Structures are given as structure tokens and as C-alpha cells.
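Any read-out appearing in this document is the output of simple, stated calculations on the displayed coordinates, not a laboratory observation. Remember, it's a predicted structure, so these values are computed and weren't measured experimentally. Neighbour counts run over all protein chains shown; Cβ positions are idealised from the backbone, glycine included.
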Amino acid sequence: MIAIKPITLLDAFVFKAVRLRALQEAPHAFGSTYAKELQFADSEWLARIERMNGESGAGFLAMDGETACGIAGSFLDENDSTRAQLISMWTAPTHRERGIGRLLINEILNWAHLRNARTLLLMVTSNNAPGMRFYERLGFTRTGRTEPYPNDPAVVEYEMSRPISK
Ligand SMILES: CC(C)(COP(=O)(O)OP(=O)(O)OC[C@H]1O[C@@H](n2cnc3c(N)ncnc32)[C@H](O)[C@@H]1OP(=O)(O)O)[C@@H](O)C(=O)NCCC(=O)NCCS
């Protein structure tokens, strides 16, 4: 059975391992890179978890027993806390298309709703068609805003959003 749990300082080692695995497995999907985050000191990993304190940020792990098989995070916009950003979305290839991504996003939606956010936003790369289809299934649509993708000038990032309702 899959359980979703908030990331806390006790999970620092698991969080680091899952995040690095995600960056290695799906390098096209994230703004950051494996090479960059591999260099992070332990203090940086701990600081990241501290920012996921449940107030302005949150992070969740999907656990299959003792094995972490998914991750997602969110932050409220500094200038507009009605807007929450979804980040770091990843399900392990061994566990895909079993509803884990949906469970993680539902957890983020619940968290953001409790913090009075009204819109959940994300950036997805133009070469990530499966990712876009996944988000569309979960009610996200393209906003029309794009940004350059820092890791590849041939790729852009599309913004997608969905309302947060009860
Ligand atoms: C995208 C990703 C997070 C989906 O996770 P998942 O756990 O497999 O997703 P779920 O099983 O919860 O799927 C939820 C819905 O999306 C659909 N879906 C999932 N992956 C899909 C795909 N590749 N193509 C089309 N639809 C897909 C499912 O069929 C399901 O639809 P339904 O519930 O209406 O039947 C996962 O494939 C992944 O980690 N990819 C690599 C990293 C990535 O691209 N992250 C996003 C970065 S912006």
C-alpha cells in the first residue's frame, strides 16, 4: 500500500536520495540538474527541508513500505500567497500509472487550500509530452505564459495552472 508523508528533517537522507534519483532519471523534467545538486552540502539539503515547514512550503514523499517511490513539493508565491507553485514532481518508473502522482498532487492541493491558496501553478518543459498529459488529466491547463528552459535553448517551459477548490 502507498502512503503519502510530509518530508521532515528525519527524512533528510531519503529526500536527498529520491531527489537525486529523479534528476538522474528524468533530466529533461526539472529546472535543476543532477550534477548541480550532487554538489550540495548536507546543510543545503537540511535548509531545503526547513523551507518545507508546512507554512509557506511543503514537501511530500510517496512510500511503498520502506521504499520512497515518489516526491512532490510546493511553495506559496512570496508576492501573492493565493498562488502556490508545484515543484519536483516525480514518480519512480517502477511505480508509474498507479495513481501515485495523483495522490501526491491531491496532498499538495489539500495543503495549499489550507493555506488559502486559490491557484496551483507549475512549469513543464515543451519536450515533456507525457508530463503535460498527466497534468491535463489532473485538471491543469496551459496559461499561455512561457519561459526559456535554462538547460537547453531548444526547449521552453510552459506554465500550467488549475484552480484549488474544496
Ligand atoms: C508525470 C509523472 C509524475 C506521472 O506520475 P504517475 O504516478 O505515473 O501518475 P498517475 O498514475 O497518478 O496518473 C494520473 C493520471 O495521469 C495519467 N497519466 C500518467 N502518466 C501519463 C502518461 N505518461 N501519459 C498519459 N497519461 C498519463 C494517468 O493515466 C492517470 O489518469 P486517470 O487517473 O485519469 O486514469 C511520472 O510519469 C514522472 O515522474 N515522470 C517523470 C518526471 C516528470 O515528468 N515530472 C513532471 C515534471 S514537470
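Overview of results
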quantity: Per-peptide average of other Cβ atoms within 10 Å, ordering 121-127, 1-7 highest first; calculated: 121-127, 1-7
quantity: 12 Å beta-carbon shell around L38, net charge (K/R +1, D/E -1); calculated: +2
quantity: Unit charges at the beta carbon, dipole of the chain: most positive-side option, L38, T91, A12; calculated: T91
quantity: Cβ-based net charge around Y158, under 11 Å, with every Lys or Arg adding one and every Asp or Glu removing one; calculated: -1
quantity: Rounded to 5, the percent of DSSP beta bridges in the range 63-103 classed as antiparallel; calculated: 100
quantity: Charge context of I105, other residues only, Cβ under 12 angstrom, K/R +1, D/E -1; calculated: +2
quantity: Residue-averaged 222 nm ellipticity for the chain, from DSSP H runs of 4+ at -39500 (n - 2.57), nearest 500; calculated: -9500 deg cm²/dmol
quantity: Cα-based Kirkwood hydrodynamic radius, the range 2-163, one decimal, Å; calculated: 16.0
quantity: Candidates G31, G144, G59: whichever shows maximal mean-square fluctuation once the chain is modelled as a Gaussian network with Cα springs under 10 Å; calculated: G144
quantity: Computed over the range 62-147: relative contact order in percent, which uses C-alpha pairs under 8 Å that are six or more apart; calculated: 26
